[in-house]
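Undergrad: Before we start, here is the structure in question, set down as structure tokens.
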Amino acid sequence: MRNAFAAARHATRMAALPAALALCAPLETKAQDAEDGGDQVRFVGDWTGTLDLGAMQLRLRFVLSAEEEALSGVLYSVDQGNAEFPITTVDTSGDTISISVSPIGAAYTGTMGADGATISGTFSQGGLNRPLVLAPSEEGETEPSRPQEPAEPYPYMTEDVSFPNPEGGHALGGTLTRPFEDAPFPAVVLISGSGPQDRDEALAGHRPFLVLADHLARNGIAVLRYDDRGVGASGGDFSQATTEDFATDALAAVAYLKGRDDIDPGAIGLAGHSEGGLVAPMAALRSSDVAFLALMAAPGVDGARILIAQGELIARAGGATEEAIAANRARQEEVFALLREEPDPAVAGSAVEAVVRRALAEASEEELQLAGVTDSASAEAIVAGQVKQVNNRWFRFFLTHDPAAVLERVTVPVLAMTGEKDLQVPHEENLSAIAAALERGGNHAYEVHALPGLNHLFQHAETGAPSEYSSIEETWSVDAMQLLSDWIQRTTSAATLQLP
């Protein structure tokens, strides 16, 4: 029931990290005393290996140093923006090294090769155990290449801002970018995909909203992007929120922009990526201050259909057999029916648990190994994790929410764009559903674009599978960004802007 969509919630929460490496805040490091000072010196150094998670590949880098006859160090997740986590303990015994990284509940045990050039072992986290071979890091391999990320000095103004959400009872922190001259400017609020995202929508070693905001500001459009509630400089509790709650955060951003002298109050719109494309129409229905919507890889059908379709596409791209795909779909449908029919979380949780346990009991040894089941403890961790992923307020809402019913009531201009290789929100079904809903509502001020060769993140891709995201240098297709900026400029011009 998982794919590479989200961290710490269900993996189908759009645009985030796999739970196997759902990274959390670092804690203080504490080096373990080493009893074999002569042997430990061999492990000092900069080591990198690639972790195969099935849905994606992640490079992990261990930098180990010796201080006062003890080893200490730092773990970097290279493809997750070089996220940094202090190593808690390091033990060595002869050719073997054992490392724990408590902040993310991870451990690594490996054995030094006879030539001293590799360490072969197992990386463990959250019931998942995967082989990991480390070799000395080579120059350039420890930094993901992201050529589109802008560097200072910027040819536009940037300002860190904070604004209140009275309905949510918290404040949100973000960044406003705008051209230096010719105010007031048209403006757009960027709304991130699912999972707790920062203002740059950072994922898979990319910062899509940073790159998009740079492009839009260079093209005369002000941009406000903000940390999700409970993330970074924003208050609030992300874990208890649904998509409807996130709409109030977007409206708070619109209200903030409307109060600025350098922003055109009649030309403020919302641009939502993935789940953000569900949030934006909800917000537009609640405020006449929203002048336009840009829906980027946005769902047009209910969550259950999205999850089943993406599960099949991603599994097929990963080489799964049709028999396995059919079995997983049957389990998804059973679980989704349970959640729809049983409102009591305790009762539903027990029923979902039974489905997961039955799936484990029916799995082959190879399937169990791929799932990270090595003993009863890891099996119990997987069962608990699967139940938690689906038996919560956010997932229950997403499962049954019909975006078409909202879109039928949207009267402002709409741009909908999705990559033809998007395996997470397939373009055929979703773009057609968006267009049909707008037509039913009598809104003819819309454009729909299926963009050839682009994936869910609007990168040029081979297959579109999430496993490719981190390995692609491109963060956002220039053509896709230009399509968006040109449309916003046309839509917000005095001659063509259509207000409700």
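The values are calculated or read from the model by the stated rules, or taken from the named source; none is laboratory data. Quick caveat: nothing in here was measured; it's all calculated off a predicted structure. When we count neighbours, we look across all protein chains shown, and the Cβ atoms used for this are built from the backbone with ideal geometry, even at glycine. Calculation scope for accessible area: heavy atoms of the full protein, side chains included, ligands and nucleic acids excluded. Shrake-Rupley method; radii C 1.70, N 1.55, O 1.52, S 1.80 Å.
Undergrad: When DSSP beta bridges are limited to those with both residues in the chain, what percentage is antiparallel, rounded to the nearest 5?
TA: If we restrict to bridges inside the chain, about 70 percent are antiparallel.
Undergrad: Given the rule -39500 (n - 2.57) for each run of at least 4 DSSP H residues, summed and divided by the residues of the chain, what is its mean residue ellipticity at 222 nm, to the nearest 500 deg cm²/dmol? Write down the numbers at each step before the final one.
TA: Details: 13 runs with 159 residues, N = 500.
Dividing the helical sum by the residues of the chain leaves -10000 deg cm²/dmol.
Undergrad: What FRET efficiency do you get for A361 and F180 if R0 is 51 Å and r is their Cβ-Cβ distance, rounded to the nearest 0.05?
TA: Details: r = 64 Å, r/R0 = 1.26.
Computed FRET efficiency for A361 and F180 comes out at 0.20.
Undergrad: So what are the radius of gyration and Dmax for the Cα set of the stretch 265-364, in Å?
TA: Rg, Dmax (Cα atoms, Å): 18.7, 60.
Undergrad: Quick one: order T89, T122 from most to least accessible surface, probe 1.4 Å. Before the final figure, lay out each step's value.
TA: Working: T89 35, T122 60 Å².
From most accessible down to least: T122, T89.
Undergrad: Can you pull out the GluC sites (Glu not before Pro) in the stretch 41-106 that DSSP calls coil and that have at most 13 other Cβ atoms within 10 Å?
TA: Values: sites: E67, E68, E69, E84; in loops: E68, E69.
Counting only loop positions with at most 13 other Cβ atoms within 10 Å, the GluC sites (Glu not before Pro) in the stretch 41-106 are E68, E69.
Undergrad: Another one. Mind checking the alpha-carbon convex hull of the chain and giving the volume per residue in Å³?
TA: That works out to 152 Å³ per residue.
Undergrad: Treating the angle as unsigned and between 0 and 90°, give the value, to the nearest 10°, between the Cα long axis of helix 208-218 and the longest Cα principal axis of the chain.
TA: 40
Undergrad: Let me ask you something else. Per residue, what accessible area does the chain have, given a 1.4 Å probe and all protein chains present, in Å²? It would help to have the intermediate numbers written out before the result.
TA: Values: 20100 Å² over 500 residues.
Counting only protein heavy atoms, the per-residue value for the chain is 40 Å².
Undergrad: Using a ≥ b ≥ c from the Cα gyration tensor of the stretch 374-477 (square roots of the eigenvalues), is it rounded, prolate or oblate, where a/c under 1.5 gives rounded and otherwise the larger of a/b and b/c decides, a/b for prolate? Kindly include the intermediate steps, with their values, before the conclusion.
TA: Values: a/c = 3.60, a/b = 1.42, b/c = 2.54.
Note, shape of the stretch 374-477 comes out oblate.
Undergrad: Only Lys, Arg, Asp and Glu count, each charged at its Cβ (+1, +1, -1, -1), so figure out the dipole size of the stretch 191-281 about its Cα centre, rounded to 20 debye. Mind showing how you got there, number by number?
TA: On the way: 7 positive and 14 negative charges, 46 e Å.
Charge dipole, the stretch 191-281, about its Cα centre: 220 debye, nearest 20.
Undergrad: Here is a further query. Positive end of the charge dipole of the stretch 397-500 (Lys, Arg +1 and Asp, Glu -1 on Cβ, about the Cα centre): tell me which of P426, Y469, A405 has its Cα farthest that way.
TA: Checked the options; the winner is A405.
Undergrad: Assuming a ≥ b ≥ c are the square roots of the Cα gyration tensor eigenvalues, decide whether the stretch 91-176 counts as rounded (a/c under 1.5), prolate (otherwise, with a/b larger than b/c) or oblate.
TA: Values: a/c = 4.44, a/b = 1.88, b/c = 2.36.
Judged from the Cα gyration tensor, the stretch 91-176 comes out oblate (a/c at least 1.5, b/c at or above a/b).
Undergrad: Does anyone have the angle between helix 478-492 and the longest principal axis of the chain? Alpha-carbon axes, 0 to 90°, nearest 10?
TA: For helix 478-492, the angle is close to 30 degrees.
Undergrad: Using only Cα atoms, tell me the angle between helix 345-362 and the longest principal axis of the chain; keep it within 0 to 90° and round to the nearest 10.
TA: Tilt of helix 345-362: around 50 degrees.
Undergrad: If the only charges are +1 at each Lys and Arg Cβ and -1 at each Asp and Glu Cβ, what is the size of the charge dipole of the chain around the Cα centre, to the nearest 20 debye? Present the calculation step by step, with values, prior to reporting the outcome.
TA: On the way: 32 positive and 71 negative charges, 327 e Å.
With Lys and Arg at +1 and Asp and Glu at -1, about 1560 debye.
Undergrad: How high is the relative contact order of the chain, in percent, counting Cα pairs under 8 Å that sit 6 or more residues apart?
TA: Relative contact order here is 14 percent.
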